Amino acid sequence: MDEYRRLRKNYFGLALPDIIDVDFDTKLVSNIILALQRGKAPDIDGLTSEHILFGHPILPVIISKLIPKPKDTKAMTYDDFRGIAITPILCKVFEYCLLEKFQSVLASGVN
């Protein structure tokens, strides 16, 4: 964190929050799953949001483990990701997790 703050002093880009929490924990994933729209057509693998919503209670825990978690502040590499094939409904969960965590720094300026 000290190195990050030292390097940030010389950064002239957009102002970002001092510390961004990038941990996609089980609570976040559970809340995103609960907010998914129901009644949509299945994806190419035949999965719907209902499969995830009404699946086993451990499913949010497993999904949160699929999302990469940086070990430190270094740049991420392919070794930081687990080798999985994400289906469209799981991509949607991941997308909403990203939006929840980073919406403050992803503002487009368009109303």
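The values are calculated or read from the model by the stated rules, or taken from the named source; none is laboratory data. Since the model is a prediction, treat every value here as computed from it, not as a measurement. When we count neighbours, we look across all protein chains shown, and the Cβ atoms used for this are built from the backbone with ideal geometry, even at glycine.
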Close pairs (8 angstrom Cβ cut-off, 6 or more residues apart or separate chains): more than 14 Å from Asp23 (Cα to Cα) in region 82-98, of a type outside the set (A, V, I, L, M) and modelled with pLDDT under 70 anywhere: Arg82/Pro68
Filter result (without any contact (Cβ under 8 Å) to a residue 40 or more places away in the chain and surrounded by 14 or more Cβ atoms within 10 Å (Cβ to Cβ)) within region 34-52: Pro42, Glu50, His51
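Among the residues of region 7-42, which ones are assigned to a helix (DSSP H, G or I) and at pLDDT 80 or above?
Applying the first criterion (assigned to a helix (DSSP H, G or I)) to region 7-42 yields 7-8, 26-35.
Answer for region 7-42, where residues must be assigned to a helix (DSSP H, G or I) and at pLDDT 80 or above: Thr26, Lys27, Leu28, Val29, Ser30, Asn31, Ile32, Ile33, Leu34, Ala35.
Suppose we keep only residues that are under 13 Å from Asp43 (Cβ atoms) and modelled with pLDDT under 65 within region 72-111. Which one would you say is nearest to the chain's Cα centre (by Cα)?
Step one: list which residues in region 72-111 are under 13 Å from Asp43 (Cβ atoms), which gives 85-93.
With modelled with pLDDT under 65 added as a condition, the list becomes 85-86.
On the way: Ala85: 15, Ile86: 13 Å.
Looking at the filtered set, the residue picked out is Ile86.
Suppose the filter is over 19 Å from Phe102 (Cβ atoms), out of contact with any Cys (no Cβ under 9 Å at 6 or more places or on another chain), modelled with pLDDT under 90 and assigned to a loop (DSSP other than H, G, I, E, B); does Pro57 pass it? Before you say what the answer is, go through the steps one by one.
Values: over 19 Å from Phe102 (Cβ atoms): yes; out of contact with any Cys (no Cβ under 9 Å at 6 or more places or on another chain): yes; modelled with pLDDT under 90: no; assigned to a loop (DSSP other than H, G, I, E, B): yes.
In short, no.
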